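Below is the structure I would like to discuss, written out as structure tokens.
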Amino acid sequence: MKRRIIVSIIALTLSHNVIAKEDFSMKSILVAMAKVETNNRDIVGDKHLKNKAYGVLQMRQPAVDDVNRIYGFSGVHKANDLKGNRSMQFKYAELYLNILIKEFNGNKKLAIMAYNLGIKNVKNGKRNDYYNKVKKHIKGDRWYGKKDS
């Protein structure tokens, strides 16, 4: 069962990799996000909150629930199951970022901000510097070092 799920996640990742068609790769974005989120350390963050953040990409339970629901993996993983499993952390973060990209009609800047701030906050006009921090850490892609219009 778990092997079928992992194969399904990989297949979905390849077929839904919206961002890879653009100027920069999903891998570069996720590596940069891990640098910004935790300096690439596998930690538990926001321990004072109900929904703690787990792993190098600081995934929370609501985001994991969205991935499970949208990709048909309900009940497969909990956010705390991701701690210590970098491969699964990156797969879930990639699938979640693809959900956000679709939610914001392909606007990667808003999707990346929503990863940090939450969908509702971004839709309500809240902004922060998270996108620029991530962008600063992307290397080897055409996006690196460019200014946004």
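For Lys136 and Arg69, what does the FRET efficiency come to when R0 = 30 Å and r is the distance between their Cβ atoms, rounded to the nearest 0.05? Don't skip to the end; give the middle numbers.
Numbers: r = 33 Å, r/R0 = 1.09.
Efficiency at R0 = 30 Å is approximately 0.40.
Give, as a single signed number, the net charge of other residues whose beta carbon lies under 10 Å from the beta carbon of Met113, with Lys and Arg counted +1 and Asp and Glu -1.
Result for the local shell: +3.
How do the peptides 121-133, 30-42, 88-100 rank, highest first, by the average count of neighbouring beta carbon atoms within 10 Å per residue? Don't skip to the answer; put the middle values down first.
Details: 121-133: 13.9, 30-42: 18.0, 88-100: 22.8.
Result, highest mean first: 88-100, 30-42, 121-133.
A further question on this structure: Of Lys50/Lys135; Lys27/Lys123; Lys35/Lys83; Lys108/Lys133; Lys50/Lys126, which pairs sit farther than 24 Å apart, going by alpha carbon to alpha carbon?
Listed pairs above 24 Å: Lys50/Lys135; Lys27/Lys123.
All of the numbers you see were taken from the coordinates with simple rules; none came from a lab. Everything numeric in this text was worked out from a predicted model, so none of it was measured. Here the Cβ is made from the backbone with ideal geometry for all residues, glycine too, and neighbour counts use every protein chain on show.
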